[in-house]
Amino acid sequence: MNRKEKRKRISENNVEVIIDVDAWLENCASKKVRHHTTFAENFQIEFWYDKHYWDRLHLGDDDGDRVGIEFEYVEPLVIKSFKHLMYYSLKHRDLLFVNHPPPRTRNIRIVLRQTYTDKITLNIAVEYHFVSLNKFEVTIVTAMSIEDFQLGDNQYAIEFNEEESTLYRLVNKQVVKVDDYEE
């Protein structure tokens, strides 16, 4: 019996992509552009804990221990928040979250929120401070696991749901939804 071998097929993995460096492409600003270069900027963010937070974590308050404000919950949320804060502040001109020298009488604080399945909402009040062009300090001022955490007038809060977030602002004693970020 004479069997023919199967013919070789063209594999998509073997296709060579040719990039025309002289081609005019489209980007966000124009329909006819050429890519020149790409660069990455790095930020160094120093992580600090205020004594008020430290005392609440280890000593509690008048109502007893503050459960659910441990580092294992607080730290990842603060780290994740920086990119979201950058997104919102670049999109909304009135959102200022970085404090600049000289010190103000009242620093700008942002509230970060996340609800975990096994407990109520974690609320973290943080301050970001400018140190140099690529260096910031973030300080955890306080944290509470309660549902009715009170915002100050015109204060912003970011509520996280996994990698998505929603920006809120307290305006005239009303919490107003400002924007969403979804990946």
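The values are calculated or read from the model by the stated rules, or taken from the named source; none is laboratory data. What you are looking at is a predicted structure, and each value in this text was computed from that prediction instead of being measured. With ideal geometry, Cβ positions are generated from the backbone for all residues, glycine too; neighbour counts draw on all protein chains shown.
What to note about this one:
- Scan of the stretch 44-74 for residues that are without any contact (Cβ under 8 Å) to a residue 24 or more places away in the chain and not charged (D, E, K, R), ordered by number: Trp54, His58, Leu59, Gly60, Gly64, Phe71
- Yes/no for Thr142 being polar (S, T, N, Q) and surrounded by 12 or more Cβ atoms within 10 Å (Cβ to Cβ): yes
- Qualifying residue in the stretch 102-113 (condition: part of a strand (DSSP E or B), over 17 Å from the mean Cα position of the chain (by Cα), more than 25 Å from Tyr73 (Cα to Cα) and without any contact (Cβ under 8 Å) to a residue 40 or more places away in the chain): no
- Scanning the stretch 163-174 for residues that are farther than 21 Å from Tyr116 by Cα and either of a type in the set (A, V, I, L, M) or not in a strand (DSSP E or B) (or both) turns up Leu170, Val171, Asn172, Lys173.
- Filtered residues of the stretch 109-135 (kept if touching a strand residue (DSSP E or B) at 6+ places or on another chain (Cβ under 8 Å) and surrounded by fewer than 18 Cβ atoms within 10 Å (Cβ to Cβ)): Thr115, Tyr116, Lys119, Ile120, Thr121, Phe130, Val131, Asn134, Lys135
- Filtered residue count, the stretch 146-162, keeping only those that are at pLDDT 90 or above, in a loop (DSSP other than H, G, I, E, B) and among the charged types (D, E, K, R): 1
- Counted residues, the stretch 146-167 - those being of a type in the set (Ser, Thr, Tyr) and crowded, with 19+ Cβ neighbours inside 10 Å: 2
- All positions within the stretch 36-74 that are of a type in the set (Phe, Trp, Tyr) and over 19 Å from the mean Cα position of the chain (by Cα): Phe39, Tyr53, Trp54
- Cβ-Cβ under 9 Å pairs, at least 6 apart or on other chains, the stretch 16-40 side closer than 29 Å to Asn134 by Cα, far side of a type in the set (D, E, K, R) and assigned to a loop (DSSP other than H, G, I, E, B): Arg34/Asp22
- Answer from Arg93, Arg66 - the residue that is modelled with pLDDT under 95, of a type outside the set (Val, Ile, Thr) and in contact with a Leu (Cβ under 8 Å, 6 or more places away or on another chain): Arg66
- Restricted to the stretch 54-102, and to residues there that are small (Gly, Ala, Ser) and closer than 28 Å to Asp180 by Cβ, the residue that is surrounded by the most Cβ atoms within 10 Å (Cβ to Cβ) is Ser81.
- Note on the stretch 168-179: among residues that are charged (D, E, K, R) and exposed (fewer than 12 other Cβ atoms within 10 Å of the Cβ), the one that is nearest to Leu85 (Cα to Cα) is Lys177.
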